[in-house]
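The values are calculated or read from the model by the stated rules, or taken from the named source; none is laboratory data. Remember, it's a predicted structure, so these values are computed and weren't measured experimentally. Here the Cβ positions follow ideal geometry from the backbone for every residue, glycine too, while neighbour counts run over all protein chains shown. The area values use the complete protein model at the heavy-atom level, side chains included, leaving out ligands, DNA and RNA. Shrake-Rupley method; radii C 1.70, N 1.55, O 1.52, S 1.80 Å.
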Amino acid sequence: MANIENSEKQMSSMNKYLEVLEQAPGAVYIIDKNLNFEYINPYFTKLTGYTKEELLNKNIRDTLYKGEIPESRKELSESLARGERWQGELLTYHKSGETYWANTIASPYRDNEGNIESYIIIQQDITEHKKTETALSESEKLYRTLIESSLEGVAITKNSE
């Protein structure tokens, strides 16, 4: 009887965790150690344009990368292969061909014996942040160029009223 109650509690907990992933405001996906998709959440579908039917049980090389893993993903791939966590910003392609920036965290998931079983990847769209950052940087460069190349003296004052 206690085993049945424990199993029911575990299933209830698993359902809660799945519900969290399904509603997460970021892309979450799991690929097995052979790089086949095991899970994608709805936000991943929204962010990438790919459906579950297009990806589940299919290899990331054949689906998202259309062949070999891109050079921009080598550091991430090598870290995971060594069993290490990786975090960084990636320029990523939507199914339509448009690009977006994703803050990415990737971690190996290990079984009870410590063997890598799969990889969990979480991505947050930071495209607007990157656009703002780029615009600010370009504005600063332009301002600096104008000041440094001016033949007239330039004084900047702050109105303290």
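Data table
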item	result
Descending semi-axes in Å of the chain, equivalent ellipsoid built from Cα gyration tensor	44, 21, 16
Cα centre as origin, Lys/Arg/Asp/Glu Cβ charges: the chain dipole, Debye	120
Percent of Cα-Cα distances greater than 17 Å, calculated over the stretch 93-138	55
Calculated [θ] (222 nm, deg cm²/dmol) that DSSP helices of n ≥ 4 give over the chain, each run adding -39,500 (n - 2.57)	-13000 deg cm²/dmol
Percent RCO, i.e. relative contact order, over the chain, from Cα pairs under 8 Å lying at least 6 residues apart	18
Heavy atoms of E148: accessible area, 1.4 Å probe, square angstrom to 10	140
Value of D in µm² per second that Stokes-Einstein yields for the stretch 49-132, Kirkwood Rh from Cα pairs, at 25 °C (0.890 mPa s)	173
Fully extended contour minus Cα-Cα distance, from S7 to K158, at 0.36 nm per residue	47.6 nm
In Å², nearest 10: area of Y29 left accessible to a 1.4 Å probe	20
Peptides ranked, highest mean first, by Cβ atoms within 10 Å: ranges 118-127, 104-113, 64-73, 43-52	118-127, 43-52, 104-113, 64-73
Over 30 Å (Cα to Cα) - which of K16/K74; K46/K141; K46/K74; K16/K66 fall in this group	K16/K74; K46/K141; K16/K66
